[in-house]
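Reviewing the structure listed below.
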Amino acid sequence: MSLPTRRIGGTSVPIPGWGLMGFSAFYSTDKSDEDFIPNFKVAYEAGCTMWDTADIYSRSGLGQNERLVAKAMKALKIPRKDIFLCTKFGFGLDMKVHGDPAYIKQAIERSLKDLEMDYVDLYYQHRVDPNTPIEETVKAMQELKDAGRIRHIGLSECSAETLRRAAKVAKIDAVQTEYSLWETSIETNGVLDACKELGITLVAYSPLGRGMLSGKFRKHSDLPADDWRRTNPRFSEENFSKNIQLVDQLASFAKAKGCTAGQLALAWVHAQWDGIIAIPGTTRIEALEENIGSVKVELTKEELKEIRAILDQFPVAGTRYDAQSLKGLNI
Ligand SMILES: NC(=O)c1ccc[n+]([C@@H]2O[C@H](COP(=O)([O-])OP(=O)(O)OC[C@H]3O[C@@H](n4cnc5c(N)ncnc54)[C@H](OP(=O)(O)O)[C@@H]3O)[C@@H](O)[C@H]2O)c1
């Protein structure tokens, strides 16, 4: 099966993309990097070749996830040109956000070294640095583009206002932000409208609600003890029992439609606008294949209306990040 494509800047990219974070950060795994090489083979052979990593996806220091990409591509002899590789900079080892030109210049060199590549296809600022004007950050990113170190410029979790300012300095090709059946704030905070108006691709992260929308978790204690989601407000014991109602409603809808709950979630994201690319993350081959299969699910206008009615009836309980992290979003 060849996958449908959508555009990022002037480049056609197959959908869905693939989020690699779970291999190296935030979510619990008992496997080592080498165990995951077969997953990359399956993705590559299925044509799922837009891969999303970040320098901060790492259990110690920076770059573990980027080094895994390099390891997999080398082991599988995947030609560089066959992958649309996206990575991000911004969080330093001090966990503060840095967007000044000197930081960016050393961050790209470290990422390229870890990736064993001489360019990145899409380079994002992971979070907007409140202490550096966005114009300075984006100018530095444009210089990387002019030098051939990156091919497209992206921002993650920016506000609509910041995006508009950035777009006056350089061509912004993509905005990455959370968007899913349980996180729709970009529909009302101006970000989605700004992307549409400026012709910027919206890359939807956590499109499966960090796994919740797949139905794999039934209760708070299903999350492993060392899993970051245990600390996320939407997965708290109290909110879990409310949010599972939405999940169950959507799962019943998916069952009647003849697809899985996860596939419904991904098809819904892609149905909202043809400028959106979802990047579901998975560390398992069966789930990867299931997510890729979501492109076969088509939702009618009537079905989209019915799904909206479910969202209205079962509002999500809890904020999407804790109070401290929320301060770093939508700047
Ligand atoms: N820019 C940012 O700030 C930011 C923030 C978060 C994430 N991201 C990016 O977005 C990507 C995706 O987001 P995410 O990983 O947070 O959330 P997600 O894609 O919504 O969900 C991932 C979770 O769902 C599970 N899963 C995936 N496919 C499944 C399936 N078919 N059936 C059952 N469970 C399934 C995964 O577990 P298994 O591994 O066990 O399948 C994992 O626990 C990340 O990998 C990362 O690249 C970016």
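Throughout, read-outs are computed from the coordinates displayed, never taken from laboratory work. Note that the coordinates shown come from a computational prediction; the quantities given were computed from them, not determined experimentally. Here the Cβ is made from the backbone with ideal geometry for all residues, glycine too, and neighbour counts use every protein chain on show.
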Condition test on Glu178, is it under 19 Å from Thr319 (Cα atoms), within 13 Å of the ligand (Cβ to nearest atom) and among the acidic types (Asp, Glu)?
yes
Any residue in region 258-266 that is more than 11 Å from the ligand (Cβ to nearest atom) and surrounded by fewer than 18 Cβ atoms within 10 Å (Cβ to Cβ)?
yes
Yes or no: Ser12 of a type in the set (Gly, Ala, Ser) and within 16 Å of the ligand (Cβ to nearest atom)?
no
Can you say whether Ile56 is surrounded by 18 or more Cβ atoms within 10 Å (Cβ to Cβ), touching a residue at least 24 places away in the same chain (Cβ under 8 Å) and within 18 Å of Val175 (Cβ to Cβ), as far as the supplied structure shows?
no
Quick test for you: out of Ile277, Ile310, pick the one residue that is assigned to a strand (DSSP E or B) and either within 12 Å of the ligand (Cβ to nearest atom) or not charged (D, E, K, R) (or both).
Ile277
Considering only region 209-228, state which residues are more than 19 Å from Leu266 (Cβ to Cβ) and assigned to a helix (DSSP H, G or I).
His220, Ser221, Asp222, Trp228
(1) surrounded by fewer than 20 Cβ atoms within 10 Å (Cβ to Cβ); (2) touching a residue at least 40 places away in the same chain (Cβ under 8 Å); (3) assigned to a helix (DSSP H, G or I); (4) more than 9 Å from the ligand (Cβ to nearest atom) all hold for Arg234 apart from (1)
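Okay, residues lined up against (1) under 22 Å from Gly10 (Cβ atoms); (2) of a type in the set (Lys, Arg); (3) surrounded by fewer than 22 Cβ atoms within 10 Å (Cβ to Cβ); (4) away from the ligand (no atom under 15 Å from the Cβ):
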| position | (1), (2), (3), (4) |
| --- | --- |
| Trp182 | no, no, no, no |
| Ala194 | yes, no, no, yes |
| Thr201 | yes, no, no, no |
| Arg210 | no, yes, no, no |
| Pro224 | no, no, yes, no |
For residues that are in a helix (DSSP H, G or I), hydrophobic (A, V, I, L, M, F, W, C) and within 13 Å of the ligand (Cβ to nearest atom), scanning just region 43-89, find the one that is farthest from Phe26 (Cα to Cα).
Ala43
Pull up region 15-25, narrow it to residues that are over 20 Å from Ala271 (Cβ atoms) and in contact with a strand residue (DSSP E or B) (Cβ under 9 Å, 6 or more places away or on another chain), then point me to the one that is farthest from the ligand (Cβ to nearest atom).
Phe23
So, Val128, is that one aliphatic (A, V, I, L, M), in contact with a strand residue (DSSP E or B) (Cβ under 8 Å, 6 or more places away or on another chain) and part of a loop (DSSP other than H, G, I, E, B) or not?
yes
For region 237-250, give me each residue that is in contact with a helix residue (DSSP H, G or I) (Cβ under 7 Å, 6 or more places away or on another chain) and over 13 Å from Phe314 (Cα atoms).
Glu237
Need the failing condition index for Gly19 against (1) touching a Lys or Arg at 6+ places or on another chain (Cβ under 9 Å); (2) buried (at least 21 other Cβ atoms within 10 Å of the Cβ); (3) not polar (S, T, N, Q), just the number.
(1)
Test Ser28 against the stated conditions and say whether it is surrounded by fewer than 18 Cβ atoms within 10 Å (Cβ to Cβ) and either of a type in the set (A, V, I, L, M, F, W, C) or away from the ligand (no atom under 16 Å from the Cβ) (or both).
no
So is Ala265 under 29 Å from Arg127 (Cα atoms) and either in a helix (DSSP H, G or I) or of a type in the set (Phe, Trp, Tyr) (or both) or not?
yes
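Considering region 132-162 alone, what residues qualify as being assigned to a loop (DSSP other than H, G, I, E, B), within 16 Å of the ligand (Cβ to nearest atom) and surrounded by 19 or more Cβ atoms within 10 Å (Cβ to Cβ)? Outline the logic, then answer.
Our first condition is that a residue be assigned to a loop (DSSP other than H, G, I, E, B); within region 132-162, this holds for 132-133, 147-149, 157-159.
Filter once more, so that each one left must be within 16 Å of the ligand (Cβ to nearest atom): 157-159.
Of everything in region 132-162, those that are assigned to a loop (DSSP other than H, G, I, E, B), within 16 Å of the ligand (Cβ to nearest atom) and surrounded by 19 or more Cβ atoms within 10 Å (Cβ to Cβ) turn out to be Glu157, Cys158.
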